[in-house]
Amino acid sequence: METLTKQEFRKRLQRKVIMGRILSLILLLGLVWSHFHSLNDQQEGVLVGILMGISSLTIRYNFALRREETFERLYIQVTDERNRMIDEKARTLLFTILLLLAACLSVLSMIVPIILNLHQFLTLTILLILGLYYLLRFILSKRY
C-alpha cells in the first residue's frame, strides 16, 4: 500500500468536500422535485437519509481542513497500518459472508417466493452491506 503525504491527503479531503457539496445540492434539488411530484414516503426518507449522511461527512471534512489538530487526528486515523489491516480483513470477511448469504437466499427463493420492489431491494442491500461492514470492523478492532 502506498503511503499518503499530508499534502495529498489535504487535496483528497478538498475534493471530497467539493463532491459532497455537489451531491448535497443535487439531493436537495431531488427533494424539492419530489415535493412537487409526490414520491412515496420511503423514497423521500432514503433521499433525506443520504442527504444527511453526505452533509455530515462534508461538514466533518471541512472542519478537519480548517483546524490543524483535527486534520492531524484524521490523517493519523486514515494512514494507521492497524486501521488499514482491519479494513482489509473486514472487506474480505464481508465479501465471503455476502457470497454465502447470496447462495443461501438463492436456494431459499426456489422454495419460498420472495418478491421485493427495486427500491426495497436496493435499500435492504445497502443497509445489509453497510451494517455488516461496520459490525465486522467493530469486532475486528476489538480483536486486533
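Could you point to the label whose value was computed as percent of Cα pairs over 23 Å apart for the structure here, given (i) 34; (ii) 37; (iii) 56?
Working out percent of Cα pairs over 23 Å apart from the coordinates points to (iii).
Out of the stretch 4-81, which trypsin sites (Lys or Arg not before Pro) are coil in DSSP terms and have no more than 13 other C-beta atoms within 10 Å? Spell out each step's value before the answer.
Numbers: sites: Lys6, Arg10, Lys11, Arg12, Arg15, Lys16, Arg21, Arg60, Arg66, Arg67, Arg73; in loops: Arg67.
Within the stretch 4-81, the qualifying trypsin sites (Lys or Arg not before Pro) (loop, at most 13 other Cβ atoms within 10 Å) are Arg67.
Taking 0.36 nm per residue of separation and subtracting the Cα-Cα distance, what length does fully extending Lys6 through His119 add?
Numbers: separation 113, 0.36 × 113 = 40.68 nm, distance 3.98 nm.
Length difference between fully extended and current span is 36.7 nm.
With θ taken as phi - 60° and the coefficients 6.51, -1.76 and 1.60, list the Karplus ³J(HN,Hα) couplings across the stretch 66-73 in order, rounded to whole Hz; mark glycine and proline as x.
Once rounded to whole Hz, the list reads 7, 10, 5, 5, 5, 4, 4, 4.
Using 15 Å as the cut-off for backbone N distance, which residues of the stretch 1-33 belong to the label zone defined by a point 7 Å from the Cα of Glu68 along Cα→Cβ?
6-7
Exposure proxy check: Val46, Val17, Val112, Val32 ranked by fewest other beta carbons within 10 Å? Let's see the in-between values first.
Numbers: Val46 15, Val17 19, Val112 6, Val32 10.
Ordered from fewest to most neighbouring Cβ atoms within 10 Å, Val46, Val17, Val112, Val32 come out as Val112, Val32, Val46, Val17.
How large is the dipole of the stretch 1-79 about the Cα centre if only Lys and Arg carry +1 and Asp and Glu carry -1, each at its Cβ, rounded to the nearest 20 debye? Kindly include the intermediate steps, with their values, before the conclusion.
Working: 11 positive and 7 negative charges, 78 e Å.
It works out to roughly 380 debye.
Please name which of Ser109, Ile126, Met19 has its Cα lying farthest along the dipole of the chain towards the positive end, using unit charges on Cβ (Lys, Arg +1; Asp, Glu -1) and the Cα centre as origin.
Positive-most Cα among the choices belongs to Met19.
Given the DSSP H assignment, sum -39500 (n - 2.57) over each helix run of at least 4 residues in the chain and divide by its residue total; what's the result at 222 nm in deg cm²/dmol, nearest 500? Before the final figure, lay out the partial values.
Details: 5 runs with 127 residues, N = 144.
That calculation yields -31500 deg cm²/dmol at 222 nm.
Please state the charge dipole magnitude for the stretch 81-144, taken about the Cα centre, from unit charges on C-beta atoms (+1 on K and R, -1 on D and E), reported in debye and rounded to the nearest 20.
Details: 7 positive and 3 negative charges, 59 e Å.
My answer is approximately 280 debye.
Let me know the charge dipole size of the chain about its Cα centre in debye, to the nearest 20, where only the beta-carbon of Lys, Arg (+1) and Asp, Glu (-1) is charged. Walk me through the intermediate numbers first.
Numbers: 18 positive and 11 negative charges, 99 e Å.
It comes to approximately 480 debye.
Throughout, read-outs are computed from the coordinates displayed, never taken from laboratory work. From a predicted model like this one, the values you see are computed outputs, not experimental measurements. Every residue, glycine as well, gets a Cβ built from its backbone with ideal geometry; the counts of neighbours run over all protein chains shown.
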